[in-house]
Every structure is written in C-alpha cells, then in structure tokens.
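A.B. asks: Here it is: the structure, laid out below.
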Amino acid sequence: MLARVTRELRRLLSIGGPAVWLMVGVPVFVRGSNESWRVWEWCAAYAAFAAALWLSLRTGRAIWLAVQAASVIALVLALCDGFEGALLVVVALQLGGRASRRAGLLAIAAQSTALFAAIGIHWNFAAALLLAPPYLGFQLLAFFAAEGMARLEAARALQLENGRLEERLRISRELHDRLGHHLTALNLNLEAAARAGNPEALRAAREVGRSLLAEVRAAVEELREPERLDLCTALRTLAEELPSPRVHLVAPQSLRLRDPQRALAVLRCAQEVATNAARHSQARNLWLELEPLDGVLELRARDDGCGVAELRPGNGLRGMRERLESAGGSLIVETAAGKGFTLKARLPL
C-alpha cells in the first residue's frame, strides 16, 4: 500500500482526474470507428481506468495504479488517437508524494516504455517517437509537482505539531509556576496548624486557597485579554503568603510593564525561588531584590538554606530558564554545600 494522497492532491485528482478522463474520451465518442469490436475494447479499457482511479483514491493500493497504466496501454492498442498519454500523467500525479522517488521514476519509465511500444504496434515507430517523449515530460512534471505538494503539506503538519508541543510546554510551565507556589504555601500553613493547633495558620491556609482559586481565574482571563501586571504588588503578595522562609523584599513601590509576558516571567521566577527555598533549601530567610536599571530588569535572590554541592536542575529551574531565555533574558544560579542558593535573573525591558 502506498502513502495516502494529501488533501490538496486528492482535491486536485477528484476534479482534474475525471476531467482529463472525459476529455480523452470525447474525440473517440465523436469520431467513432469503422471497427466496432475495437470501440468495445476501447470502452472496456476506458471504464476500467475510471474504476481503478476511483479505487486508488479510496484505498491507496498500488495495484490500482498498475491497473490504470495497463488500461491506458489497452486504449492505445485498441484505438490510438494520440491523447491517451494524458491519462498516464494522471497516474504519475498519483505517484508523486505517495511512492518513493526511485519507485515513482521507475514506474514512470516503465509505463512510458509501454506507451512507446503500444503506439509503435498500433501505428509505427515514427508516431511513437513523436508522441511518447512529450508525455514522458508531462509525467515527470506531474510527479515532481505532486511530490512538492506532499512535502509542503508535511512541513505544514510538522509546523502545526511543533506549535502544539510549544503550547503544551507553555501551559505545563504556567501550571507549575502558578499553582506550585500556592500549594506549597498551603501545605506549610496546614502543617503548622496541625502541629500547633493555630487558628491563625488555618486562616492563612484559607487565604492561600482563595489566592489559588484567584490565580486559576486569572490564568483564564489572561488567555482572553492579558492586562498589565503590577509586578511589585504581586511580589509583596508572594512575600506575605509564605509562613516559611521569611521573605525580605526590596523593590520599587510600583512597577507596571508594558509586556505582560515579561512581567509574568519575572513573577514566576520569584515564585519558583520561594517554592524551592521552602521545599528543598530548608532556608529560614529569603532575600529578593527587584531593580530596573538601564533598560534591564534584574531580580536577585539569595537564601540562608543548606545549598548543594552539585546543582541538578529540576522542572522548575529548567522552566524558569526557558521562560527567561525565550524573552531574551538570562539566568545565573549559584550554590554550594552549606551556603544556600543565589540567583540572578536579567530581562531586557
């Protein structure tokens, strides 16, 4: 079985194939022949080509292309009016993009040789030399045109698939960044409440739950109509949510960026730093500094956690780096055993 016909090629063959088939038959039906048995032979081969074309488009089986080619040769042997070679062009058009280039060219060479021989048998060598070569050229043109259409459609499909994969990656990063921090804060507050029976911790946990719901709603709204984000206000909210580590924030009173994606990149970076400090670093304090300077927004973070001797980036750190680099920024992370984590994120404004 050959590869399936592409959508554009199927549309072309569904319209052009029957049109060529009809035009090849018109001269014979108009002129007729004195030998009625030849006309019946020709009509049988003519009908066989139409049936094989229909079956080829429906099933994609190579056998029906062979039947089409054989039907054309039978047409030539029965009543050669010089136009039957156009049907071989239709066969070559089906081969393009479905068969490999080697197999397609071999098939075109075989059916062109058979056409040359059939014309020579029905008429003579001179007629075969006059008619067969032009149809060979038309077949090659049709084959390479169909092959180009198939490659173009494959490239378009690949581009769409890449777009879908990028969107899935973006959504996965956004879900991780948006929800991971809040869930961590919620768990920490619930653990504190469970240990101490502290109603304040329970109240804080309820507030984090409300914030989590608000974040989900905000994510939907941003997909519809993103608005400017006050980055400093969002960072202060982040600092107030976490019971541990204690977040020390140094930032301007207000900072609204024109590009919401850049603002989100910095905010998600800060959230990931806070989440990692709470989960992995065992830090008691986290210092965050946000400073716009000479067209660049810089976020500096450090904690007093345990650090690690060898940094192995996880999903959060990789997503943070991808998000910043996609916006033209950079990320530097430093750590050592017993010295906590230090991070510097830079993003051009």
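A.B. asks: What does the accessible area of F125 come to, in Å² to the nearest 10, when a probe of 1.4 Å is used?
C.D. replies: Answer for F125: close to 130 Å² accessible.
A.B. asks: Where Lys and Arg each count +1 and Asp and Glu each count -1, what net charge lies around V39 among other residues with Cβ under 14 Å from its Cβ?
C.D. replies: -1
A.B. asks: Can you send over the carbon and sulfur percentage of the accessible area for the range 1-121, probe radius 1.4 Å, protein chains only?
C.D. replies: Answer for the range 1-121 is 69 percent, counting heavy atoms of protein chains only.
A.B. asks: Separate question: Carbon and sulfur atoms: what percent of the 1.4 Å accessible area of the range 265-309 do they account for?
C.D. replies: 45
A.B. asks: Could you compute how much accessible surface L311 exposes when probed at 1.4 Å, giving the result in Å² to the nearest 10?
C.D. replies: L311 exposes around 60 Å² with every protein chain in place.
A.B. asks: To continue, here is another question. With charges set only on the Cβ (+1 for Lys and Arg, -1 for Asp and Glu), what does the dipole of the range 1-72 come to about its Cα centre, in debye to the nearest 20?
C.D. replies: 360
A.B. asks: Summing +1 for each Lys or Arg and -1 for each Asp or Glu, what net charge is found among the other residues whose Cβ lies under 15 Å from the Cβ of L77?
C.D. replies: -3
A.B. asks: What percent does the relative contact order of the range 1-146 come to when contacts are Cα pairs within less than 8 Å and at least six residues apart?
C.D. replies: Averaging sequence separation for qualifying contacts and normalising by length gives 27 percent for the range 1-146.
A.B. asks: Please list 108-119, 126-137 highest first by mean number of surrounding beta-carbon atoms within 10 Å per residue.
C.D. replies: Ranked from most to least packed, the peptides come out as 108-119, 126-137.
A.B. asks: Order E240, E147, most accessible first, counting only protein heavy atoms with a 1.4 angstrom probe.
C.D. replies: E240, E147
A.B. asks: May I ask you to give the solvent-accessible area per residue for the range 293-349, in square angstrom, as obtained with a 1.4 angstrom probe?
C.D. replies: 56
A.B. asks: From largest accessible area down, sort V296, V250; use a 1.4 Å probe on the protein chains.
C.D. replies: Largest accessible area first, the residues go V250, V296.
A.B. asks: Oh, and also: Can you send over the solvent-accessible area of M149, 1.4 Å probe, protein chains only, in Å² to the nearest 10?
C.D. replies: 60
A.B. asks: By the scheme Lys and Arg +1, Asp and Glu -1, what is the net charge of all other residues having a beta-carbon under 13 Å from that of I332?
C.D. replies: Taking every Cβ under 13 Å from that of I332, the sum is +2.
The values are calculated or read from the model by the stated rules, or taken from the named source; none is laboratory data. Everything numeric in this text was worked out from a predicted model, so none of it was measured. Positions of Cβ are backbone-derived with ideal geometry, glycine not excepted, and every protein chain shown enters the neighbour counts. Protein only, heavy atoms only, side chains kept; ligands, DNA and RNA dropped before computing areas. Shrake-Rupley method; radii C 1.70, N 1.55, O 1.52, S 1.80 Å.
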